[in-house]
Amino acid sequence: MKYVVVSAVVTDEIHFPDGDVKIAPGGAGFYALCGLRLWSDQVVAVTGIGEDYEKLHGEWYRRNHISMEGFRIKDARSPYTIVEYFPDGERIETPALGLEHFRSLETTGEELVPYLDSAEGMYIFRNLDPDFWTGFLKNKKDSSCKIMWEIAADAAQKENLETVRDIAGQLHAFSINMTEAKSLLGTSDREQIIEELRSWGLELIFLRQGAKGAVMITADEVVEVPSQPDVQVVDATGGGNSSTGAVLCGLVEGRSPEICGRMGSISAAMCISQYGVPEEITEEMRKEAWEKAICKNMKGLV
């Protein structure tokens, strides 16, 4: 498979302010998978699930022609999150089965070895878990697969800066939002943040700013990319994950930083325009996405 997503997929039990309840797939890995699927047919998630996951969400994967072959059944139940929305748009998320259960289903570095030999791009959403990174980095040395790391918010602390920079320096691309960057780098100065990240020398750093767009940072240039216009934000959940998945696709396909950023904003717009993700990512949606991303130079889907 060309693109591999490494992060959790969960079941969200969504409670709306009017009393309605909806069961839907969710999780960082799921949103990244959707963000990638808008641009490529060749995507798979590699993570642990419960025996119940296929019955709950298999129809969505089949409808969207996404393989479930990367899932490993590690428990009777998949991660399950209670999401309660309030009239002001705020929400509270509660893991129904606890953090220990969630962690028991996470992918290990060793489980990714087969994919490092065949994939061209890999998205990883992770904190600084040393067991994962030690095993993963040891095995990726001879791989040509481009790795995009989206840092988890709890790891973006100033005391972790040296470790974060060391891990990122062994990868190709890094994704972080502005709030996390301020915490990690210990400064609120935007230009200082950009210059510090630029000094890391990565192929691409995706600095996300929500509705303000994103900054695409390479050793040679800094490109400001606006968010998509006229998007009605229903639920911002998954915007960062979906956009990062799309940016990875652009990077692997050799697109410019600007086009990579556009691809990210388009995938995010798709995911934040409703609660959860679209029931189906259609060919019409994908064609329109490419037209927005690269205008008259569209060369077709990848």
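Residues of region 15-43 being farther than 19 Å from GLY58 by Cβ, of a type outside the set (Phe, Trp, Tyr) and over 9 Å from the mean Cα position of the chain (by Cα), which ones?
HIS15, PRO17, ASP18, GLY19, ASP20, VAL21, LEU38, SER40, GLN42
Being in a strand (DSSP E or B) and crowded, with 22+ Cβ neighbours inside 10 Å is the filter here; which residues of region 39-49 pass it?
VAL43, ALA45, THR47, GLY48, ILE49 - these are the residues of region 39-49 that are in a strand (DSSP E or B) and crowded, with 22+ Cβ neighbours inside 10 Å.
Cβ-Cβ under 7 Å, sequence separation 6+ or interchain: first residue in region 234-247 and touching a residue at least 24 places away in the same chain (Cβ under 8 Å), partner in a helix (DSSP H, G or I) and of a type in the set (Phe, Trp, Tyr). Which pairs?
Once the first residue is touching a residue at least 24 places away in the same chain (Cβ under 8 Å) and sits in region 234-247, its partners that are in a helix (DSSP H, G or I) and of a type in the set (Phe, Trp, Tyr) give GLY238/TYR31; ASN241/TYR31; SER242/TYR31.
Considering every residue within region 219-228, establish whether at least one is of a type in the set (A, V, I, L, M), without any contact (Cβ under 8 Å) to a residue 24 or more places away in the chain and not in a helix (DSSP H, G or I).
Among the residues of region 219-228, at least one is of a type in the set (A, V, I, L, M), without any contact (Cβ under 8 Å) to a residue 24 or more places away in the chain and not in a helix (DSSP H, G or I), which makes the answer yes.
Among (1) assigned to a helix (DSSP H, G or I); (2) at pLDDT 95 or above; (3) farther than 26 Å from VAL247 by Cβ; (4) within 20 Å of the chain's Cα centre (by Cα), where does GLY58 come up short?
Failed condition: (4).
Residues TYR80, TYR61: which one is under 30 Å from LEU204 (Cβ atoms) and among the hydroxyl-bearing types (Ser, Thr, Tyr)?
On the way: TYR80 fails: under 30 Å from LEU204 (Cβ atoms).
Result of the check over TYR80, TYR61: TYR61.
Can you tell me which residue in region 182-203 is farthest from THR134 (Cα to Cα), limited to those that are touching a Lys or Arg at 6+ places or on another chain (Cβ under 9 Å) and touching a residue at least 24 places away in the same chain (Cβ under 8 Å)?
GLY186
Considering only residues that are surrounded by fewer than 24 Cβ atoms within 10 Å (Cβ to Cβ), touching a Leu at 6+ places or on another chain (Cβ under 9 Å) and touching a residue at least 60 places away in the same chain (Cβ under 8 Å), which ones fall in region 12-38?
PRO25
Among the residues that make up region 39-55, is at least one of them among the aromatic types (Phe, Trp, Tyr), at negative phi and in contact with a helix residue (DSSP H, G or I) (Cβ under 9 Å, 6 or more places away or on another chain)?
Yes, the conditions are met somewhere in region 39-55.
This table checks each residue for (1) closer than 16 Å to THR244 by Cβ; (2) in a loop (DSSP other than H, G, I, E, B); (3) in contact with a Phe, Trp or Tyr (Cβ under 9 Å, 6 or more places away or on another chain).
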| position | (1), (2), (3) |
| --- | --- |
| GLY135 | no, no, no |
| ASN139 | no, no, no |
| ARG165 | no, no, yes |
| GLU196 | no, no, no |
| LEU202 | yes, yes, yes |
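Can you tell me which residue among ILE82, ILE92 is without any contact (Cβ under 8 Å) to a residue 60 or more places away in the chain, under 28 Å from GLN157 (Cα atoms) and of a type in the set (Val, Ile, Thr)?
ILE92
How many residues, within region 268-291, are farther than 13 Å from PHE30 by Cβ, assigned to a helix (DSSP H, G or I) and not aromatic (Phe, Trp, Tyr)?
Matching residues across region 268-291 total 12.
Table: residues versus (1) under 27 Å from ILE147 (Cβ atoms); (2) out of contact with any Phe, Trp or Tyr (no Cβ under 6 Å at 6 or more places or on another chain); (3) basic (Lys, Arg); (4) exposed (fewer than 15 other Cβ atoms within 10 Å of the Cβ).
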| residue | (1), (2), (3), (4) |
| --- | --- |
| VAL222 | yes, yes, no, no |
| VAL247 | yes, no, no, no |
| GLY261 | yes, yes, no, no |
| ALA268 | yes, yes, no, no |
| ARG286 | yes, yes, yes, no |
| CYS295 | no, yes, no, yes |
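Could you say whether any residue in region 250-261 is of a type in the set (Asp, Glu), out of contact with any helix residue (DSSP H, G or I) (no Cβ under 8 Å at 6 or more places or on another chain) and either modelled with pLDDT of 95 or more or within 13 Å of GLN228 (Cα to Cα) (or both)? Spell out the reasoning first.
Going through region 250-261, the residues of a type in the set (Asp, Glu) turn out to be 253, 258.
Subset that is out of contact with any helix residue (DSSP H, G or I) (no Cβ under 8 Å at 6 or more places or on another chain): 253, 258.
Now restrict to residues that are either modelled with pLDDT of 95 or more or within 13 Å of GLN228 (Cα to Cα) (or both): 253, 258.
Yes: one or more hits.
The values are calculated or read from the model by the stated rules, or taken from the named source; none is laboratory data. All values reported here derive from a predicted model rather than from experimental measurement. Here Cβ is always computed from backbone atoms with ideal geometry, including for glycine, and neighbour counts include all displayed protein chains.
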